[in-house]
Amino acid sequence: MKRRKHVPLRSCIACRAKLPKRELIRVVSTPEGTLEIDPKGKRAGRGAYLCRKQQCCEIALQPGRLSQALKSKVGATEVAALKASVSSLIEEAAFESQTASPSVANTQGLA
């Protein structure tokens, strides 16, 4: 029998939904003290995870919520920069999901 590969689960800091790590956006507080989005999930530092929903982004990127999750002070300017980056990631993901799924007519060879 083949063993199934372990899929790590993480919780969104806004809605507390447990999802596979790859489906979430990781925000990391680096050892240098900067906040960054970590697309590969490998950067050193304390991380927090967000769903790829705009509603969760708004809740999670409040300075108090993010500071608590990262256990460090987060400034309003850092949050504003992160909001813009996360919003663009969410929009890209939505666009890719729309273009990646072929229409029913194309799958049946009617196009």
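The values are calculated or read from the model by the stated rules, or taken from the named source; none is laboratory data. This is a predicted model, so every value here is computed, not measured. Note that each Cβ is placed from the backbone with ideal geometry, even for glycine, and that neighbours are counted across all protein chains shown. Areas reflect the complete protein model, heavy atoms only, side chains present, ligands, DNA and RNA absent. Shrake-Rupley method; radii C 1.70, N 1.55, O 1.52, S 1.80 Å.
Starting from region 90-111, take each residue that is at pLDDT below 70 and list its partners that are open to solvent by 100 Å² or more (accessible area, probe 1.4 Å) and not charged (D, E, K, R), counting only C-beta distances under 6 angstrom and pairs at least six apart or across chains.
Between residues of region 90-111 that are at pLDDT below 70 and residues that are open to solvent by 100 Å² or more (accessible area, probe 1.4 Å) and not charged (D, E, K, R), the close pairs are 105/111.
Give region 63-78 a look and list any residue that's touching a strand residue (DSSP E or B) at 6+ places or on another chain (Cβ under 8 Å) and surrounded by 13 or more Cβ atoms within 10 Å (Cβ to Cβ), or say none. Steps first, answer last, please.
Of the residues in region 63-78, the ones touching a strand residue (DSSP E or B) at 6+ places or on another chain (Cβ under 8 Å) are 66, 69-72, 74, 78.
66, 69, 70, 72, 74, 78, listed by residue number.
Does residue 45 satisfy the condition of being in contact with an Asp or Glu (Cβ under 9 Å, 6 or more places away or on another chain) and on the phi > 0 side of the Ramachandran plot? Break it down into steps so the answer makes sense when it comes.
Values: in contact with an Asp or Glu (Cβ under 9 Å, 6 or more places away or on another chain): yes; on the phi > 0 side of the Ramachandran plot: yes.
When the stated conditions are applied, residue 45 passes them.
List, please: which pairs have Cβ atoms under 6 Å, are six or more places apart or on different chains, and start with a residue in region 3-20 that is within 21 Å of residue 70 (Cβ to Cβ) and end with one that is open to solvent by 40 Å² or more (accessible area, probe 1.4 Å) and of a type in the set (Lys, Arg)?
Close Cβ pairs satisfying both conditions: 8/21; 9/18; 10/21; 11/18.
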